[in-house]
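A.B. asks: This structure is in structure tokens; I'll ask about it shortly.
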Amino acid sequence: MNDWLHNLPVVWMALLIFGLTALVTAAIYGVVTVLSVGEPARSFKAVSPGLLPPLGILFALFMAFTATQVWSDNEMANSVVDREASALRTVVILAAAFPGEPEARLRNLIRSYVADAVAQEWPMMAHRTATLQVIPYSLAEALQFTLAMTPSGQGQQTAQREIAVALENALDARRQRIIISQSEVNWVKWLCLSLQAVCALLAIAMVHSDNRLTSAITMGLFGVGVAASLLLILAYDRPFTGEFAVNPNPLLQVMPALGAS
């Protein structure tokens, strides 16, 4: 799916999905209705109504498997962003164990990292162009600076060790965040979902070919269900893209603390 589709407001996305589904449903209904005369009509009526439940169940299973991937990706995306923010917050708190220039430098490096992540990495993740090739300079420098510090007591030794661990956790969370930003429902799954929906609609039209009103109502109801399911998947397909994208608010909440002390 193209970026423009994923970046559409949900209202316009819903109009597009429901509109396309209605067109496909109407086309199937029209074709079957036109062909429901003579020999083709007898063939359509020979289609067993027992075919409908398996087709519906198969579509539901396809949707369930796809939804599981989408929900899992979004849950992981929120989790790694929270973990990253928590690690950075830990650094900000423990930096107070090194008053003066070391504390100020660590805070400035964390502030710079958060600003770069929000201004540069988030738009890149939304377009799925962020890669692990770029090393976050501010975070790498903060880790190097932490390891180079000379603690003057047991308390500072403990703080230095915990700051280094927190910075490593932040780097790991960033790596996971960028990896998750590449995830989406691939074209094979979209194709299978669409084909299964078309097969179910075609079966409904043939089973009820002798009663146009019943056929229209049944196909309309199933079409609405298909459109709603596709809309739900599409709206959450990419964790960092669209109206319901994972936002950087947890990271931004770390920044106010950087101005305090």
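A.B. asks: So which residues in region 217-254 are farther than 28 Å from Thr66 by Cα and surrounded by fewer than 17 Cβ atoms within 10 Å (Cβ to Cβ)?
C.D. replies: Result: Leu252, Gln253.
A.B. asks: Follow-up. Before we move on, is Ala41 small (Gly, Ala, Ser), surrounded by 13 or more Cβ atoms within 10 Å (Cβ to Cβ) and closer than 14 Å to His208 by Cβ?
C.D. replies: Yes; evaluated as a whole, the condition is true for this residue.
A.B. asks: Next question. In region 178-208, which residues are within 17 Å of Leu232 (Cα to Cα), in contact (Cβ under 8 Å) with a residue 40 or more places away in the chain and not in a helix (DSSP H, G or I)?
C.D. replies: Ser183, Glu184, Val185
A.B. asks: When only residues in region 140-164 that are open to solvent by 60 Å² or more (accessible area, probe 1.4 Å) and without any contact (Cβ under 8 Å) to a residue 60 or more places away in the chain count, which is farthest from Val246 (Cα to Cα)?
C.D. replies: Selected residue: Ser152.
A.B. asks: Scan region 75-99 for residues that are open to solvent by less than 20 Å² (accessible area, probe 1.4 Å) and not β-branched (Val, Ile, Thr) and jot them down.
C.D. replies: Ala77, Glu84, Ala85, Ala87, Leu88, Ala95, Phe98
A.B. asks: Of all residues in region 1-27, which are under 21 Å from the mean Cα position of the chain (by Cα) and open to solvent by 90 Å² or more (accessible area, probe 1.4 Å)?
C.D. replies: Met1, Asn2, Trp4, Val11, Trp12, Leu15
A.B. asks: Hey, which of the helices (runs of 4 or more DSSP H) in region 91-177, taking only ones fully inside, have at least 1 residues that are over 30 Å from Leu5 (Cβ atoms), of a type outside the set (Phe, Trp, Tyr) and within 31 Å of the chain's Cα centre (by Cα)?
C.D. replies: 101-116, 137-148
The values are calculated or read from the model by the stated rules, or taken from the named source; none is laboratory data. These numbers come from a predicted model, not from an experiment. Reconstructed Cβ throughout: ideal geometry from the backbone, glycine too, with neighbour counts over all protein chains shown. The accessibility values were calculated without ligands, DNA or RNA, using every heavy atom of the protein model including side chains. Shrake-Rupley method; radii C 1.70, N 1.55, O 1.52, S 1.80 Å.
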